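Asks: Take a look at the following structure, please.
The values are calculated or read from the model by the stated rules, or taken from the named source; none is laboratory data. Predicted model, so just to flag it, every value in this text is computed and none were measured. Neighbour counts are summed over all protein chains in view; Cβ atoms, including those assigned to glycine, are modelled from backbone coordinates with ideal geometry.
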């Protein structure tokens, strides 16, 4: 099959969504399928190898450090000058912004099966990343602009569940109508699928895990060269933790650092990545003299090496309904994880994690508990290793191909 993938986050953007798209592309191509990714990028972006950079704004206009494509109709027109017949079998969209909307319009123009992966909660993105006086305005504007491309047939009103504000209700309206425009909706988790259905998604929804690239796991195993992957910790040893998510407000790096500052036991935290909270995080660490090292953006292989030397992988985002590729990579490498969102329990095998409430005092208490019972690290590590084969991309890609094939056969 020839698959056209549309996404607004890929080039120049670290994170789980770009990684999962890249892993899906490699796995599909390994099975003999042809994959072309359409995405925004800057002049420094390297196109080719199945990646097409659509018309995009300059560095001066970005979204949390990510390039932004031009308007969906302009992007659509540009693509059709390059691909006038648009000779693809299926369109798979991975986001809800301009480039992704262009992909949806093209799919409908040519009558192609349309798959939409809903990766996370845009209502929470607005609630956390937009300053307080502007949240409602941004939610209204984004919903209005999106509605000019895909009509809002379902309108979500404020409630006491998840649409707690006008801004969040507008973003749920955007997400639901975006999903309903597709033929098939994919989510990385069952808990997100249930919430989408609650607010009015009527299209079929399938759960397909992001998955970890098989070659990444193979590279890691080659790197350790027969060395045991079971983590061990001794009494009195600093609890070594790795943060390899975006250093951003939505990932809640500051509450985590505040918890570290309140702990009674020694810790050593390695932070990889960057984001809109990096400067604030560095200032907090310096002010409180915490044992935290910031490494910035480094090659993924270096992060894997660092994971081998850790006791815990950390993610403390809350309410975003993402699957968390950092958690999957931890499972693949036998590293126990610490998280605070109860929905994440769906992702990690029972017994392979430490869980606490999202508040600073809850996190500090839970992590101090690990330090006092270091044998838990070994127990959790063994659980993770026993389940590592389940999250490989090669296992998940079979589900995706089955979905593609079913949709294509229905079209014929």
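Asks: Which residues, taken from the range 389-407, are under 16 Å from residue 216 (Cα atoms) and surrounded by fewer than 20 Cβ atoms within 10 Å (Cβ to Cβ)? Walk me through how you get there before you give the answer.
Replies: Here is the first cut: in the range 389-407, the ones under 16 Å from residue 216 (Cα atoms) are 389-397.
Selection gives 389, 390, 394, 395.
Asks: Let me ask something else. Please pick out the residue among 75, 93 that is assigned by TED's automatic domain parsing to the domain that holds residue 400 and under 21 Å from the mean Cα position of the chain (by Cα). If you could, list the steps in order and put the result at the bottom.
Replies: Values: 75 fails: under 21 Å from the mean Cα position of the chain (by Cα).
Selected residue: 93, the only one of 75, 93 that is assigned by TED's automatic domain parsing to the domain that holds residue 400 and under 21 Å from the mean Cα position of the chain (by Cα).
Asks: Among 356, 373, which is the only one that is surrounded by 16 or more Cβ atoms within 10 Å (Cβ to Cβ) and either within 19 Å of residue 240 (Cα to Cα) or touching a strand residue (DSSP E or B) at 6+ places or on another chain (Cβ under 6 Å) (or both)? Before the answer, list the steps.
Replies: Working: 373 fails: surrounded by 16 or more Cβ atoms within 10 Å (Cβ to Cβ).
Answer to the check: 356.
Asks: Return yes when residue 334 is surrounded by 17 or more Cβ atoms within 10 Å (Cβ to Cβ) and either closer than 29 Å to residue 22 by Cα or touching a residue at least 12 places away in the same chain (Cβ under 8 Å) (or both) and no when it is not. Please lay out each step first, then the result.
Replies: Numbers: surrounded by 17 or more Cβ atoms within 10 Å (Cβ to Cβ): yes; either closer than 29 Å to residue 22 by Cα or touching a residue at least 12 places away in the same chain (Cβ under 8 Å) (or both): yes.
For residue 334, the condition - surrounded by 17 or more Cβ atoms within 10 Å (Cβ to Cβ) and either closer than 29 Å to residue 22 by Cα or touching a residue at least 12 places away in the same chain (Cβ under 8 Å) (or both) - is met.
Asks: Please go through the range 26-35 and give me each residue that is surrounded by fewer than 16 Cβ atoms within 10 Å (Cβ to Cβ) and either in contact with a helix residue (DSSP H, G or I) (Cβ under 6 Å, 6 or more places away or on another chain) or assigned to a strand (DSSP E or B) (or both), ordered by number.
Replies: If the condition is that a residue be surrounded by fewer than 16 Cβ atoms within 10 Å (Cβ to Cβ) and either in contact with a helix residue (DSSP H, G or I) (Cβ under 6 Å, 6 or more places away or on another chain) or assigned to a strand (DSSP E or B) (or both), then 34 is the only one that fits.
Asks: Then there is this: Given the structure, is residue 193 in a loop (DSSP other than H, G, I, E, B), closer than 22 Å to residue 21 by Cα and in the same structural domain as residue 24 (by TED's automatic domain parsing)?
Replies: Values: in a loop (DSSP other than H, G, I, E, B): no; closer than 22 Å to residue 21 by Cα: yes; in the same structural domain as residue 24 (by TED's automatic domain parsing): yes.
Here the answer is no, as residue 193 does not meet what is asked.
Asks: Tally the residues that are under 13 Å from residue 122 (Cβ atoms), assigned to a helix (DSSP H, G or I) and touching a helix residue (DSSP H, G or I) at 6+ places or on another chain (Cβ under 7 Å), restricting the search to the range 161-175.
Replies: Going residue by residue through the range 161-175, those that are under 13 Å from residue 122 (Cβ atoms) are 162-163, 167-175.
Next, only the ones that are assigned to a helix (DSSP H, G or I) stay: 167-175.
Imposing the further condition that a residue be touching a helix residue (DSSP H, G or I) at 6+ places or on another chain (Cβ under 7 Å) reduces the set to 167-168, 170-175.
Going through the range 161-175 one residue at a time, the tally reaches 8.
Asks: Sort through 224, 185 and tell me the only one that's surrounded by 22 or more Cβ atoms within 10 Å (Cβ to Cβ) and on the phi < 0 side of the Ramachandran plot. So that I can check it myself, show each step before the final result.
Replies: Details: 224 fails: surrounded by 22 or more Cβ atoms within 10 Å (Cβ to Cβ).
Selected residue: 185, the only one of 224, 185 that is surrounded by 22 or more Cβ atoms within 10 Å (Cβ to Cβ) and on the phi < 0 side of the Ramachandran plot.
Asks: If I filter the range 1-17 down to residues being modelled with pLDDT of 80 or more and within 24 Å of residue 327 (Cβ to Cβ), which single residue comes out as farthest from the chain's Cα centre (by Cα)?
Replies: Here is the first cut: in the range 1-17, the residues modelled with pLDDT of 80 or more are 1-10.
Filter again for within 24 Å of residue 327 (Cβ to Cβ), leaving 5, 7-10.
Numbers: 5: 16, 7: 13, 8: 13, 9: 10, 10: 11 Å.
Checking each candidate, the answer is 5.
Asks: Taking the range 196-217, which residues are in a loop (DSSP other than H, G, I, E, B) and over 19 Å from the mean Cα position of the chain (by Cα)?
Replies: Of the residues in the range 196-217, the ones in a loop (DSSP other than H, G, I, E, B) are 199-204, 208-211, 213.
Hits for the range 196-217 are 199, 200, 201, 202, 203, 204.
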